[in-house]
Structures are given as structure tokens and as C-alpha cells.
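> Structure incoming, see below.
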Amino acid sequence: MGPGPSDVSPRVLNALARPTLGHLDPQFIGLMDEVGDLMRYVFRTKNTLTMPISAPGSAGMEACFANLVEPNDKVIVCINGVFGGRMKENVIRCGGVAVEVVSPWGTQTSPEALEAALKQHPDTKIVAFVHAETSTGVRNDAETLCRIAKQHNCLTIVDTVTSLAGVQLEVDDWQIDATYSGSQKCLSCVPGISPVSFSDAAVNVIQNRKTPVQSWFLDMNLIVGYWGKGAKRAYHHTAPVNSLYAIHESLLMVHQEGLENAWQRHAAHHQKLVNGLESLGLSFAVSQDYRLPQLNVVNIPDGVDDAAVRSELLRRFGLEIGAGLGEFAGKVWRIGLMGSTCTEKNVQHCIAALDAVLN
Ligand code: PLP
């Protein structure tokens, strides 16, 4: 019950163990088509360029920035946690100019601050932010931030690593131009695959760059020949065939449950966890108005030894919870309720184990 990877179900592990087909085998190519369609389902998009990057979420992040940011492009990056900070690093490494909109850890990115930055920097090309900040447990208001960005004719890049399949996400309706996620959070697949999706506007920008994408591996202009919808499936790299069986299976599981039911399950079990933790006298670091149900950030009570509690939970109860990151290190615990981990049984186990260790 940490901040990811979440529990991988036996169904997904069985899929992983299936015989390895060639990455150009017709049967495997059929599976690739289904993976694309299922990713469009979970992202709620019709984007043609929707596919898995053969690497973890950080590579999905690099793919979005490396393809859309050219030298001297101005990018507003909203930062209220670790992963927003990494977005800024990506902009700089692409030769772009990063303008930071910083909000305190544990709070949402302020729409007013974004609006002010856009007025101050009318030449901004892209607005980037994290939907679900895993370091703080904050859900940023993606719909509002994208609407403001669009009023200023900007493209939007949104990190959905922790949000996808855990809370509402509407790639098309919210006008998200580029997004990347991860396999290991609410999809409950093995780590190492990053679903990405690019709008037609973003594809148009990528196809009309003045400079080549610096990364050969992540250049979407090249990958589409293998992964694109209706593509010739020409060799680009050797796809991680078994990991793709696994993500196919985990996407099918979300489809079978129903995406909205999955959001609802996360919300319901989160509420039970809140009730249980509050009854132990624990408090949450984030306002309930924008708390993530899948990533619960709890204040460590005064005088309690952070590391000792976590190692006791692991040793006596086989339970892993996450430590604080960055500014929150030593101050909070991060309790994940992601995907297959998000069950009534786990909620009860966590509350009972914390009760036993703390009292
Ligand atoms: N973005 C967010 C919000 C994350 O939580 C993570 C990982 O936890 C990443 C990006 C990076 O993903 P990965 O560790 O799969 O590279």
C-alpha cells in the first residue's frame, strides 16, 4: 500500500507468463490494436496517436516534452510537488524556457496564478502540470487549468501517471494535448510501460518541428510507423512483448469493471480509510476538497519515529506504506489505494496494523 507499484493481480501475472511471440507476429499485432483501443477507453479520448511507450512513466514524460518543446520555446510549468519539478527539468533539457508557477506543497495549483503567468508571458507555447501529484496526494484541477491554457492558445501537457483509472480523467473533454501515464499505479500492471496520448493539434506540431526530436527512441514521428493506428507495423524497436500482454490484461480488467465503477471504488474505499485513520487520531495533510483517493497522505504524529513504524508494519504485518518525499520527507506517510490494492480487506488490514503499531 505504498505510492506504487500497486499489487499486480494473478490474471495479469499469468498474462505476463504467456509464450513470447515475435513483435511482428500477426497475433501480436492484433493485440497491439486492442491495446490502443483500450488505452483510448481509459484516457477517454479518440486520439489516433494513443499507445504505450516501452519504458516507465518517466520516459512517457520525456516523450511529451522532447516531441513538443523545441529550443527557446516557452513552457509554463505548474509545480506543487516533486513531479512538477521534473517537468521543469525536462523543459530545460529540451532547450526550452521554463516559467514556474509554484504553489505550496499540499495545495492545488492556483488557476489565478496560472492566468497571471499567461498574461505576463503571452508568448507561451505550452502549459504543463501534474494531475495527481504522488508526492503530496493533491489532485490538481486539470479541467480548469486546461481551459485557462486554451484561452491563451497554448498546448497542454498533463502527467496522469497516478490519476489514470483512479479518478476522473477526460483527455478529450478537458482539451489535454499530450499526456503520459504509468502501468504500475491504478492500472495495477507490472512497472515499465507508459501509456501516452497526443491530440491531433499536438501531432501537427510534432510533424512540423523546425528541429529533429533530440531523442531517436522517443521521436513520435518514427514510432508511429510501428505503433500508430493503421500503421504498417514496421520495425522500430523490439517491443516488450510480455509486458504488453500484461498491460493488455490489466486494461481489459478496467474495461470489464467499467472505468466509472473503478473511480467509484477508489472513492468509496478511500472514505473507509479516512474514517478508520481518523478514529486512530491520525490527520490528513491535504484538504478533502482535492485529496486523491488513491494516494492518502497522512501526518506523522509528533514524537512518532517514521522509519520505525514503517519497518514494524512490514515486519509484523507484511504491509508496505510509503515515506514522505522532498519537502514532506519525515513529516508524512503515503498510503496507496491504487487499482487492485484498493480493496475493503486492505483498508481494514492497514487500519488494524497501524492501530497495533502506534498504540
Ligand atoms: N509522474 C508521477 C506523478 C509519478 O508518480 C511517477 C512515479 O511515481 C512518475 C511520473 C515517474 O514514473 P516512473 O517511476 O514509472 O518512471
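> If you check every pair at least six apart or on different chains, which have Cβ atoms under 7 Å apart with a residue in segment 124-143 that is within 17 Å of residue 156 (Cα to Cα) first and a residue that is more than 10 Å from the ligand (Cβ to nearest atom) and among the aromatic types (Phe, Trp, Tyr) second?
Listed by first residue and then by second, the contacts come to 139/290; 140/129; 142/174; 143/174.
> So which residues in segment 304-324 are aromatic (Phe, Trp, Tyr) and free of Cβ contacts under 8 Å to residues at least 24 places away in the same chain?
Answer for segment 304-324, where residues must be aromatic (Phe, Trp, Tyr) and free of Cβ contacts under 8 Å to residues at least 24 places away in the same chain: there is none.
> Also: Count, please, the residues in segment 126-148 that happen to be assigned to a strand (DSSP E or B) and of a type in the set (D, E, K, R).
Qualifying residue count, segment 126-148: 2.
> Got a sec? Which of 298, 347 is out of contact with any Ser or Thr (no Cβ under 6 Å at 6 or more places or on another chain), more than 21 Å from residue 140 (Cβ to Cβ) and not acidic (Asp, Glu)?
Going through 298, 347 in turn, the sole match is 347.
> Looking only at residues in segment 76-98 that are of a type in the set (A, V, I, L, M, F, W, C) and in contact with a Ser or Thr (Cβ under 7 Å, 6 or more places away or on another chain), which one is farthest from residue 145 (Cα to Cα)?
Taking segment 76-98 as the starting set, the residues that turn out to be of a type in the set (A, V, I, L, M, F, W, C) are 76-79, 82-83, 87, 91-92, 94, 97-98.
Now drop any that are not in contact with a Ser or Thr (Cβ under 7 Å, 6 or more places away or on another chain), which leaves 76, 78, 82-83.
Working: 76: 11, 78: 10, 82: 19, 83: 17 Å.
In this case the residue turns out to be 82.
> For segment 222-245, give me each residue that is without any contact (Cβ under 8 Å) to a residue 40 or more places away in the chain and either in contact with a helix residue (DSSP H, G or I) (Cβ under 8 Å, 6 or more places away or on another chain) or among the aromatic types (Phe, Trp, Tyr) (or both).
226, 231, 232, 234, 236, listed by residue number.
> Which one is modelled with the lowest pLDDT, of the residues in segment 206-250 that are among the aliphatic types (A, V, I, L, M) and touching a Ser or Thr at 6+ places or on another chain (Cβ under 7 Å)?
239
> Exactly one condition in (1) surrounded by 18 or more Cβ atoms within 10 Å (Cβ to Cβ); (2) of a type outside the set (Ser, Thr, Tyr); (3) in a helix (DSSP H, G or I); (4) more than 21 Å from the chain's Cα centre (by Cα) is not met by residue 239; state its number.
Result: residue 239 passes all but (3).
> Is at least one residue of segment 249-272 at negative phi, in a loop (DSSP other than H, G, I, E, B) and either surrounded by 19 or more Cβ atoms within 10 Å (Cβ to Cβ) or without any contact (Cβ under 8 Å) to a residue 24 or more places away in the chain (or both)?
Kept after step one, since they are at negative phi, are these residues of segment 249-272: 249-257, 259-272.
Subset that is in a loop (DSSP other than H, G, I, E, B): none.
No: zero hits.
> Would you mind telling me which numbered condition in (1) buried (at least 21 other Cβ atoms within 10 Å of the Cβ); (2) within 16 Å of the ligand (Cβ to nearest atom) residue 96 fails?
(2)
> Anything in segment 288-303 that is without any contact (Cβ under 8 Å) to a residue 12 or more places away in the chain and in a loop (DSSP other than H, G, I, E, B)? List them, or say none.
302, 303 - these are the residues of segment 288-303 that are without any contact (Cβ under 8 Å) to a residue 12 or more places away in the chain and in a loop (DSSP other than H, G, I, E, B).
> Return the residue satisfying two criteria in turn: it lies in segment 42-86 and is surrounded by fewer than 22 Cβ atoms within 10 Å (Cβ to Cβ), among the aliphatic types (A, V, I, L, M) and in a helix (DSSP H, G or I), and of such residues it is farthest from the ligand (Cβ to nearest atom).
Checking each candidate, the answer is 66.
> Separate question: Which residues, taken from segment 149-177, are away from the ligand (no atom under 13 Å from the Cβ), in contact with a strand residue (DSSP E or B) (Cβ under 9 Å, 6 or more places away or on another chain), more than 27 Å from residue 12 (Cα to Cα) and not in a helix (DSSP H, G or I)?
152, 154, 155, 156, 174, 175, 176, 177
> Out of all the residues in segment 166-181, which are buried (at least 24 other Cβ atoms within 10 Å of the Cβ) and either of a type in the set (Lys, Arg) or in contact with a Lys or Arg (Cβ under 8 Å, 6 or more places away or on another chain) (or both)?
166, 169, 171
> So residue 90 fits all but one of (1) in a helix (DSSP H, G or I); (2) buried (at least 21 other Cβ atoms within 10 Å of the Cβ); (3) in contact (Cβ under 8 Å) with a residue 60 or more places away in the chain; what number is the exception?
(3)
> Out of segment 206-221, which residues are touching a residue at least 12 places away in the same chain (Cβ under 8 Å), under 22 Å from residue 57 (Cα atoms) and either among the aromatic types (Phe, Trp, Tyr) or more than 16 Å from the ligand (Cβ to nearest atom) (or both)? Steps first, answer last, please.
In the first step, residues of segment 206-221 are kept if they are touching a residue at least 12 places away in the same chain (Cβ under 8 Å); the result is 206-207, 209-211, 213-215, 217-221.
Those still in the list that are under 22 Å from residue 57 (Cα atoms) too: 206, 213-215, 217-221.
Answer for segment 206-221, where residues must be touching a residue at least 12 places away in the same chain (Cβ under 8 Å), under 22 Å from residue 57 (Cα atoms) and either among the aromatic types (Phe, Trp, Tyr) or more than 16 Å from the ligand (Cβ to nearest atom) (or both): 206, 213, 214, 217, 219, 220, 221.
The values are calculated or read from the model by the stated rules, or taken from the named source; none is laboratory data. All figures in this text were calculated on a predicted structure; none of them were measured in a lab. Please note: Cβ atoms are built from the backbone with ideal geometry, for glycine as well, and neighbour counts cover all protein chains shown.
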